[in-house]
Amino acid sequence: MKGGVSIERRAVLRVLGGAGGAALAMGLGACSPSLSSDARKVRIPISDLPVGVRVRVVYAGHPVEVLRTAEGVTARSLLCTHMGCEVRWSQGTETYNCPCHGGVYGAGGVVVAGPPSHALRSEPVRIQGDAVVLGG
């Protein structure tokens, strides 16, 4: 204890981790200047969503995938329904895979294997004018 002050290592790491996370979030937002959002909506110019390309956005604090097809647009949560880890799309197998406990979901978000008991959650999304609007 130097100078009578004791700082717990965990407290310091917690503060530094939070600051790093905030800086990362700000940096990621800076990479998407055309993306706008408020507490309940994310608005993406339709020109930023080519048909067939899966785009990851953050909606209500959680990762969501938006996919535009010839038929319209869909959005689904990327949080595994087992323990909440973020799933990743595998183009090779056309599945969403959870790196935490081996959950596997088909292209439509339905459970194919592993511990999850529910499909990936769909999110409300619509095309409005020249934009895709995610949320209420």
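Only the coordinates and a few stated rules stand behind these numbers; no lab work does. As the structure is a computational prediction, the values presented were derived from the model and not from experiment. Here the Cβ positions follow ideal geometry from the backbone for every residue, glycine too, while neighbour counts run over all protein chains shown.
Quick notes
- Taking amide H positions as modeled 1.01 Å from N, with prolines and chain starts lacking one, the residues under 5 Å from Thr95 and 5 or more places away or on another chain are Ser90.
- Oblate is the label for segment 35-108, because the ratio a/c of its alpha-carbon gyration tensor axes (a ≥ b ≥ c) is 1.5 or higher and a/b is not greater than b/c.
- For segment 34-135, size of Cβ-based charge dipole, Lys and Arg +1, Asp and Glu -1, in debye: 140
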